[in-house]
Amino acid sequence: MESRPNQLANDRILVRKVLAGDQRAFSQIIKATEGLVAQIIFKMIANPDDRKDMAQDVYLKVYQQLGRFRFQAKLSTWIGQITYHTCLHHLERKKIALVPIGDSDLEPSPGFSTPFENEIESQLIREELSQLVADAMDQLNPIYRTLITLYHQEELSYSEIGQIVQLPEGTVKSYLFRARKVLKEHVLWIYNTKIG
Amino acid sequence: MDLQHENRMNTTHLTDQQLQLFVFQQGHGLEPWTTHMATCKDCQLKATLYRSVLEEVANLEKPVFNVDLASQVISQIEPAKSRIDFSRVIVGVTLFSMLSWLCIIFHWTSHELATLFTRLSAMATYLILLTGSSLLIFLVISLYQEFQGKMKRLTLS
């Protein structure tokens, strides 16, 4: 991974080129950041038809506001921030609930069994855990899903996630604790539903 | 007393938050939990579940757009770009014409300029300066407001 000073220097060069009218530089920015943008959009927006439009909308905003970027964060983080808020705005406009009803409904009941309770089960469960986790992630609310993805899959720091979602680090940490707990409960719930 | 405290630490199960700290933020201050985790099967199981679930999250397939996003976006920003260039050209041409016109006037009237202000009364000079500077100020304000309006439209569009 590139060091932060190098990353910032590269960002400066690219931004300067785009502001001077170099569209190839903007294309480079899109290619370098579309992974992060896709992660946020796919986690926040359920409708596949809206996702592509959303991504284009994000990059048009980035292009229009690039002159205002002051390098207080990495360019990718700033683009992530625009993506997250564009998605939030879209969800609010469509009146889609951001927090699901009844997280607590999934509290494991005393009769619930837990994966990995014995060695043989461990072997079996590891093979299907990937699908269990994917299903459980789909059931999480968009914000929890995004936070978990940014931290555990994109390996961003609390500070970078805080800049993207515009929340203090402490709040990000507490949201992540809650998100992991809910994810674990979803996994347990799906697992117990499957084993009947 | 300390021993009792230690025993209580070892027999009390870790909370969900403590388990997460233990699994995801290895570091200082976790020693009391480490002792408990070494012996408690229940907490070990919960920690394994957390660790395995989040490892799977890290290994999930990353989403990609199945279109060439860069070329689609670039094709949409071309018209906007040319519009900005066009306005810059207009500003440039206007400034150039104004400067050229001033130079021509100065060239034609340079022999009379030296005597122009000495012939005018003080009142007339003040009036000319006041009118000229007022016009200039209004022009600058109007240009600035127009520029701000354009920037606002660009940001909101």
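The values are calculated or read from the model by the stated rules, or taken from the named source; none is laboratory data. This one's a predicted model, so the numbers in the text were calculated from it and none came from an experiment. Here the Cβ positions follow ideal geometry from the backbone for every residue, glycine too, while neighbour counts run over all protein chains shown. Note: accessible area is taken over every heavy atom of the protein model, side chains too, but ligands, DNA and RNA are not part of it. Shrake-Rupley method; radii C 1.70, N 1.55, O 1.52, S 1.80 Å.
Rundown of residues vs (1) more than 10 Å from chain B (Cβ to nearest Cβ); (2) open to solvent by less than 30 Å² (accessible area, probe 1.4 Å); (3) in contact with an Asp or Glu (Cβ under 9 Å, 6 or more places away or on another chain); (4) within 25 Å of B:Thr48 (Cβ to Cβ), yes/no style:
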{"site": "A:Glu155", "(1), (2), (3), (4)": "no, no, no, yes"}
{"site": "A:Gln163", "(1), (2), (3), (4)": "yes, no, no, no"}
{"site": "A:Val172", "(1), (2), (3), (4)": "yes, yes, no, no"}
{"site": "A:Leu188", "(1), (2), (3), (4)": "no, yes, no, yes"}
{"site": "A:Ile195", "(1), (2), (3), (4)": "yes, no, no, yes"}
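Go through the range A:42-71 and give me each residue that's in a loop (DSSP other than H, G, I, E, B) and either in contact with a strand residue (DSSP E or B) (Cβ under 8 Å, 6 or more places away or on another chain) or not aromatic (Phe, Trp, Tyr) (or both).
A:Ile45, A:Ala46, A:Asn47, A:Arg70
Please give the number of the condition A:Glu92 fails out of (1) part of a helix (DSSP H, G or I); (2) at pLDDT below 95; (3) within 14 Å of chain B (Cβ to nearest Cβ).
(3)
Looking at the range B:9-39, which of its residues are more than 14 Å from chain A (Cβ to nearest Cβ) and at pLDDT 80 or above?
Within the range B:9-39, B:Thr12, B:Thr34, B:Thr35, B:His36, B:Met37, B:Ala38, B:Thr39 qualify.
Just to be sure, is A:Leu176 hydrophobic (A, V, I, L, M, F, W, C), farther than 21 Å from B:Leu14 by Cβ and either open to solvent by less than 20 Å² (accessible area, probe 1.4 Å) or more than 9 Å from chain B (Cβ to nearest Cβ) (or both)?
Working: hydrophobic (A, V, I, L, M, F, W, C): yes; farther than 21 Å from B:Leu14 by Cβ: no; either open to solvent by less than 20 Å² (accessible area, probe 1.4 Å) or more than 9 Å from chain B (Cβ to nearest Cβ) (or both): yes.
Judged against the criteria, A:Leu176 is not a match.
Please find, within the range A:35-81, the residue that is least open to solvent (accessible area, probe 1.4 Å) out of those that are without any contact (Cβ under 8 Å) to a residue 12 or more places away in the chain and among the polar types (S, T, N, Q).
It comes out as A:Gln56.
Quick one: count up the residues across the range A:131-148 that are in contact with a Leu (Cβ under 8 Å, 6 or more places away or on another chain) and touching a residue at least 24 places away in the same chain (Cβ under 8 Å).
10
Take the range A:23-34 and flag every residue that is open to solvent by 40 Å² or more (accessible area, probe 1.4 Å) and touching a residue at least 24 places away in the same chain (Cβ under 8 Å).
The answer is A:Ala32, and nothing else.
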